[in-house]
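*Asks:* Have a look at the structure that comes next, please.
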Amino acid sequence: MERFDFVIVGAGIAGASLAAGLAPHGSVLLLEAEDRPGYHATGRSAAFWTESYGGPHVTPLTTHSRPFLDRQALLGPRGALTLARAGEEAARDAFVAEFAALDVRIEPLDRPALETRLDGLSPQWTLGVWEPDCFDIDVASLHQLWLGEARRGGAELRCRARLERAVRAGSDWLIESADGHQVRAGVLVNAAGAWVDEVAQRAGVRPLGFQPLRRTMLQLRLDRPVRGDLPLVLGLDGSFYFRPESGKLWLSPHDEIPTPPCDAAPEELDVAIALDRLEGVVDWKVAALEHKWAGLRTFSPDRLPAYGFEPEAPGFFWFAGQGGFGIQTAPAAADLAVGLLLGGAAGAIDPAPFGVSRFR
C-alpha cells in the first residue's frame, strides 16, 4: 500500500497552496472529489484583494499575502469605495478608525468626493470610505501556479477521488477514496471547503460546526460602457458589492444563505434582490443579465478560519473556514499552516486566533 507523509483532501486554492508548500519537505497526495480542481469556491471567486474585507482579525493574513501576490504579478490596481447613508456617520468613522489602527490606507469621503469616483450615485449615499490598496486577483493563475509547484515538487493529484473513509492505524491514517485506492498517510489535512465537517466525520473526527453560505453573483451588460477604472464598490451595511470585469459589471447582493454543501446555484429571488439593490445605488440601466452563478463561502462558528491540528485526533489537521476571503489570504495562510505542519515557526502571523482548540 502506498504511503504519503501528507494526504490533503481538497485541491482548491487551500489544498493547492499547502501542497506547493509541503512538497519540498515530504511526499504529498492531493485528493479532489470533482473532475477538476477549483470547481467550487475557488472557481467562483469575485477575485479582489482589499485589507478591510473579512474584518480586522483577517487583515493580518491579507496584508502579509500581498508581497507574494506582487512578486508573482497577480494583482491589478482597482481601489475600493465603500458607501454609507446619512445617519451612518458613527459606523463609518468606527470603520475608518478600526482599519487605520492596522495601518490600512483608508480615507473618509464626503458626498462631493464620492461623486468624483462614481457617477450616477443615488442621493441617499452621502458618506464613504476610499481604500486605494484594493486590487483584482488573477485567481486562475494563482491556483495553477501552486498546482504546478506542487507537481514539480513531486506531489500527486487524483481527481474523482472523494474521501470515503479514514481510520487511524497505528501512527498513520488508512484512507479509502472513491477512485478505489487505499493509501496510508502520516498526516491527514482537511482542506475540503464546504465539505470539511463531512470529511471530518468520515475520519471519525468530531465536526467543528462549519456553515456553508450561498453567495450570488451576476454579470450584467449595461446600456453604457462600464469604465475600466471603476473601483470595487461596497455597501458599509454589507448589502451589495459590484466591480467591472471585461467591460461588464459583476454584482452581488452579498447574500449569505445557509445551505448544505452542494454545487451551488443562484435562486431567482436573490437575483431580483441584487438588481433591486443596484437600482438603489446608481441610476445605471441594465441592458441584459448575461450570466448568473453562486458559490459557497464557508465559515466557522466565530467566522475566523481554523488552522491547526485536531486535539482529539492525532495527525488530523484542519485548514478550513476561509469564508469569502480565502483567495486574498491564501499565501499567508499557507505559510502559517505549512509552518505548523512541519513543526516549526508559524511565521509572521500569530496562529493563536485560528487554533482549533478554541472550539474544543
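The values are calculated or read from the model by the stated rules, or taken from the named source; none is laboratory data. This structure is a prediction, so every number in the text was calculated from the model and none was measured. Neighbour counts run over all protein chains shown; Cβ positions are idealised from the backbone, glycine included.
*Asks:* Would you be able to say whether some residue in the range 126-143 is among the polar types (S, T, N, Q), outside any strand (DSSP E or B) and more than 25 Å from F99 (Cβ to Cβ)?
*Replies:* The first filter runs over the range 126-143 and keeps only residues among the polar types (S, T, N, Q), leaving 126, 141.
Narrowing the set further to residues that are outside any strand (DSSP E or B) leaves 141.
Next, only the ones that are more than 25 Å from F99 (Cβ to Cβ) stay: 141.
Scanning the range 126-143, I find at least one residue that is among the polar types (S, T, N, Q), outside any strand (DSSP E or B) and more than 25 Å from F99 (Cβ to Cβ), so the answer is yes.
*Asks:* Moving to a separate point now. Looking only at the range 98-111, decide whether some residue is at pLDDT below 95 and surrounded by fewer than 17 Cβ atoms within 10 Å (Cβ to Cβ). Talk me through it step by step, then tell me what you get.
*Replies:* To start, the set of residues in the range 98-111 that are at pLDDT below 95 comprises none.
No; the residues of the range 98-111 include none that is at pLDDT below 95 and surrounded by fewer than 17 Cβ atoms within 10 Å (Cβ to Cβ).
*Asks:* Can you tell me which residue in the range 157-175 is nearest to P37 (Cα to Cα), limited to those that are in contact with a helix residue (DSSP H, G or I) (Cβ under 9 Å, 6 or more places away or on another chain) and not hydrophobic (A, V, I, L, M, F, W, C)? Talk me through it step by step, then tell me what you get.
*Replies:* Initially, the range 157-175 is screened for residues in contact with a helix residue (DSSP H, G or I) (Cβ under 9 Å, 6 or more places away or on another chain), giving 157, 162-166.
Now restrict to residues that are not hydrophobic (A, V, I, L, M, F, W, C): 162, 164-165.
Working: R162: 12, E164: 18, R165: 20 Å.
Only one residue tops the list, namely R162.
*Asks:* Using the structure shown, decide if T126 is among the hydroxyl-bearing types (S, T, Y), touching a helix residue (DSSP H, G or I) at 6+ places or on another chain (Cβ under 8 Å) and in the same structural domain as L81 (by TED's automatic domain parsing).
*Replies:* Values: among the hydroxyl-bearing types (S, T, Y): yes; touching a helix residue (DSSP H, G or I) at 6+ places or on another chain (Cβ under 8 Å): yes; in the same structural domain as L81 (by TED's automatic domain parsing): yes.
So T126 passes the test.
*Asks:* Looking at the range 324-340 only, could you name the residues that are within 16 Å of A23 (Cβ to Cβ) and surrounded by fewer than 23 Cβ atoms within 10 Å (Cβ to Cβ)?
*Replies:* D335, V338, G339
*Asks:* Restricting to the range 144-182, and then to whatever is of a type in the set (A, V, I, L, M, F, W, C) and outside any strand (DSSP E or B), can you tell me which residue is farthest from R78 (Cα to Cα)?
*Replies:* A178
*Asks:* Right, something else. Here are some conditions: (1) on the phi > 0 side of the Ramachandran plot; (2) crowded, with 18+ Cβ neighbours inside 10 Å. G247 meets all but one. Which one does it not meet?
*Replies:* Every listed condition holds for G247 apart from (2).
*Asks:* Taking L234 as the residue in question, decide whether it is on the phi < 0 side of the Ramachandran plot and assigned to a strand (DSSP E or B).
*Replies:* On the way: on the phi < 0 side of the Ramachandran plot: yes; assigned to a strand (DSSP E or B): yes.
Against the criterion (on the phi < 0 side of the Ramachandran plot and assigned to a strand (DSSP E or B)), L234 qualifies.
*Asks:* Name the single residue that is nearest to D223 (Cα to Cα) among those in the range 274-306 being among the hydrophobic types (A, V, I, L, M, F, W, C), crowded, with 17+ Cβ neighbours inside 10 Å and in contact with a Pro (Cβ under 7 Å, 6 or more places away or on another chain).
*Replies:* Among them, the one singled out is A274.
*Asks:* Can you list the helices (runs of 4 or more DSSP H) found entirely within the range 1-102 that contain at least 2 residues being free of Cβ contacts under 8 Å to residues at least 40 places away in the same chain?
*Replies:* Of the helices (runs of 4 or more DSSP H) lying wholly inside the range 1-102, those with at least 2 residues that are free of Cβ contacts under 8 Å to residues at least 40 places away in the same chain span 59-71, 89-100.
*Asks:* Can you name the condition, by its number, that A200 falls short on among (1) in a strand (DSSP E or B); (2) out of contact with any Phe, Trp or Tyr (no Cβ under 7 Å at 6 or more places or on another chain); (3) surrounded by 20 or more Cβ atoms within 10 Å (Cβ to Cβ)?
*Replies:* Of (1) in a strand (DSSP E or B); (2) out of contact with any Phe, Trp or Tyr (no Cβ under 7 Å at 6 or more places or on another chain); (3) surrounded by 20 or more Cβ atoms within 10 Å (Cβ to Cβ), only one is false for A200: (1).
*Asks:* Against the condition at pLDDT 95 or above, under 21 Å from the mean Cα position of the chain (by Cα) and not charged (D, E, K, R), how does T126 come out, does it pass? Explain how you work it out, then say what you get.
*Replies:* On the way: at pLDDT 95 or above: yes; under 21 Å from the mean Cα position of the chain (by Cα): no; not charged (D, E, K, R): yes.
Criteria not met by T126.
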